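Colleague: This structure is in structure tokens; I'll ask about it shortly.
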Amino acid sequence: VGGVRIARDDVVKEDDPTNNVPDTIFSKIGLQLHRRDSHPLGILKNTIYDYFDKNFAGQFDKFDDLCPLVSVKQNFDDVLVPADHVSRSYNDTYYVDSQTVLRCHTSAHQAELLRDGHTHFLVTGDVYRRDSIDSTHYPVFHQHMQMEGFRVFSPDDWSDSGMDGTAYAAADLKKTLEGLARHLFGAVEMRWVDTYFPFTNPSFELEIYFQDDWLEVLGCGVTEQEILKRNGRTDHVAWAFGLGLERLAMVLFDIPDIRLFWSSDKRFTSQFSEGKLGVKFKPFSKFPPCYKDMSFWINDAFTENNLCEVVRGIAGDLVEEVKLIDNFTNKKGMTSHCYRIAYRSMERSLTDEEINNLQLNVRESVQSKLNVELR
Ligand code: PHE
């Protein structure tokens, strides 16, 4: 199932300084792993579909092919993200140009789908973030798969409940998502944690207890009235959730490394041919990693995100980790960072020569693009 590939030259004006999407990211757009029925992400999506089909008599409209290129308005303004919110920064978000981004969440589609009259919908798709929140684990993977759920209620739905609309929607949301968690995990311990999103109030995170740890499964909440009002649903209430597919799939299928989702290695892909939940991944031998260190004096503009981007631009999927291992400031006030880069292929053994060449190119590129002084 090939989705539409987006060619850089079709969407980026030459040398546009407002573009920060590198070629490595463009090359991953449109793969649509969630649309392959024998891929863990496709299996998970289908299993969630089954839950909603069964419990809501097919009322949920499903979208899994909406274009990941959206306007700044769709991605941020329409869901009430404040003008000065960090998530809008070039450090956190991929801008194709000053008005167009690679969506950073599937919530970018809430407003248009509401305006089109949908009241129950699921949106699945690839989302893109530059932030390094999870950089210690997956520094090179800035594409993730997300599923959005959205349900609108009209006053008739809650009038007999004795609750106000917001309380009714919150209760329905929790019941629905607890049911979904049991559908995926069986009997499992769960807890709700209060949180903040600009587009919901109240807002919650659902965590499940899995292998001795609390695992964050999704973010959700009762949709801000303003969003409903602006999109033709005054006097209604709604709930919404957003769920990261990879993290759940890694847990459900025992998949140890997020890069495996992109692997075309038969030893990976063939294990899920049944298209059902319940299969546990049997690891095949990993090729050894190779570590290279590099030190440099940073400047004021230096960020770890930018470093990761440069490294990824040269070494692509062969980088497993970029980790700060030393950091000091000398008497003159100059700060030095030492990063350890782990190179590893999922598919083959890398040669010394290949790694040395990569590292040489990485060093040159880091120096010229980030203007740091190598040591
Ligand atoms: N969009 C949020 C995120 O990506 C998730 C979310 C969706 C939260 C819908 C609340 C409601 O983190």
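The values are calculated or read from the model by the stated rules, or taken from the named source; none is laboratory data. Fair warning: this is a prediction, and the values are worked out from it, not measured in the lab. Positions of Cβ are backbone-derived with ideal geometry, glycine not excepted, and every protein chain shown enters the neighbour counts.
Colleague: If a residue must be at negative phi and away from the ligand (no atom under 11 Å from the Cβ), how many such residues does the range 206-216 contain?
Modeller: Going through the range 206-216 one residue at a time, the tally reaches 7.
Colleague: Would you confirm whether any residue within the range 97-114 is away from the ligand (no atom under 16 Å from the Cβ), hydrophobic (A, V, I, L, M, F, W, C) and at pLDDT 95 or above?
Modeller: No, that holds for no residue.
Colleague: Could you list all residues from the range 1-59 that are at pLDDT 95 or above, part of a helix (DSSP H, G or I) and of a type in the set (A, V, I, L, M, F, W, C)?
Modeller: Within the range 1-59, 41, 43, 44, 48, 52 meet the criteria.
Colleague: Count, please, the residues in the range 217-230 that happen to be more than 24 Å from residue 143 (Cβ to Cβ) and within 15 Å of the ligand (Cβ to nearest atom).
Modeller: Final tally of qualifying residues: 8.
Colleague: Could you please give the count of residues in the range 78-89 that are under 29 Å from residue 10 (Cβ atoms) and part of a helix (DSSP H, G or I)?
Modeller: 4
Colleague: Could you tell me which residue of the range 216-255 is farthest from residue 180 (Cα to Cα), considering only residues that are touching a Pro at 6+ places or on another chain (Cβ under 7 Å) and of a type in the set (A, V, I, L, M)?
Modeller: Out of the qualifying residues, it is 255.
Colleague: What's the total number of residues in the range 191-214 that are among the hydrophobic types (A, V, I, L, M, F, W, C), surrounded by fewer than 18 Cβ atoms within 10 Å (Cβ to Cβ) and at pLDDT 90 or above?
Modeller: 3
Quick grid of which residues meet (1) surrounded by 14 or more Cβ atoms within 10 Å (Cβ to Cβ); (2) farther than 23 Å from residue 10 by Cα:
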| site | (1), (2) |
| --- | --- |
| 34 | yes, yes |
| 46 | yes, yes |
| 59 | no, yes |
| 62 | yes, yes |
| 76 | yes, yes |
| 95 | yes, no |
| 102 | yes, no |
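Colleague: So how many residues does the range 72-81 have that are away from the ligand (no atom under 14 Å from the Cβ) and either under 18 Å from the mean Cα position of the chain (by Cα) or modelled with pLDDT under 95 (or both)?
Modeller: Residues meeting the conditions: 1.
Colleague: Please list, ordered by residue number, the helices (runs of 4 or more DSSP H) wholly in the range 260-375 having 2 or more residues that are at pLDDT below 95, aliphatic (A, V, I, L, M) and out of contact with any strand residue (DSSP E or B) (no Cβ under 6 Å at 6 or more places or on another chain).
Modeller: Here the list reads 304-315.
Colleague: Residue by residue through the range 215-259, note down the ones that are among the acidic types (Asp, Glu) and either modelled with pLDDT of 95 or more or in a strand (DSSP E or B) (or both).
Modeller: Listed by number, the residues that qualify are 216, 224, 226, 235.
Colleague: Please state which of the following conditions residue 65 fails to meet, knowing it meets all the rest: (1) over 26 Å from residue 225 (Cα atoms); (2) outside any loop (DSSP other than H, G, I, E, B); (3) not hydrophobic (A, V, I, L, M, F, W, C).
Modeller: (2) is the only condition that residue 65 fails.
Colleague: Could you tell me which of the residues 84, 92 is acidic (Asp, Glu), modelled with pLDDT under 95 and closer than 30 Å to residue 226 by Cβ?
Modeller: Unique residue meeting the criteria: 92.
Colleague: Evaluate the following for residue 88: is it under 30 Å from residue 303 (Cα atoms) and without any contact (Cβ under 8 Å) to a residue 40 or more places away in the chain?
Modeller: Yes: the conditions hold for residue 88.
Colleague: Also: Considering only the range 181-202, I want to know if a residue exists there that is more than 10 Å from the ligand (Cβ to nearest atom), touching a residue at least 24 places away in the same chain (Cβ under 8 Å), over 28 Å from residue 88 (Cα atoms) and in a loop (DSSP other than H, G, I, E, B).
Modeller: no
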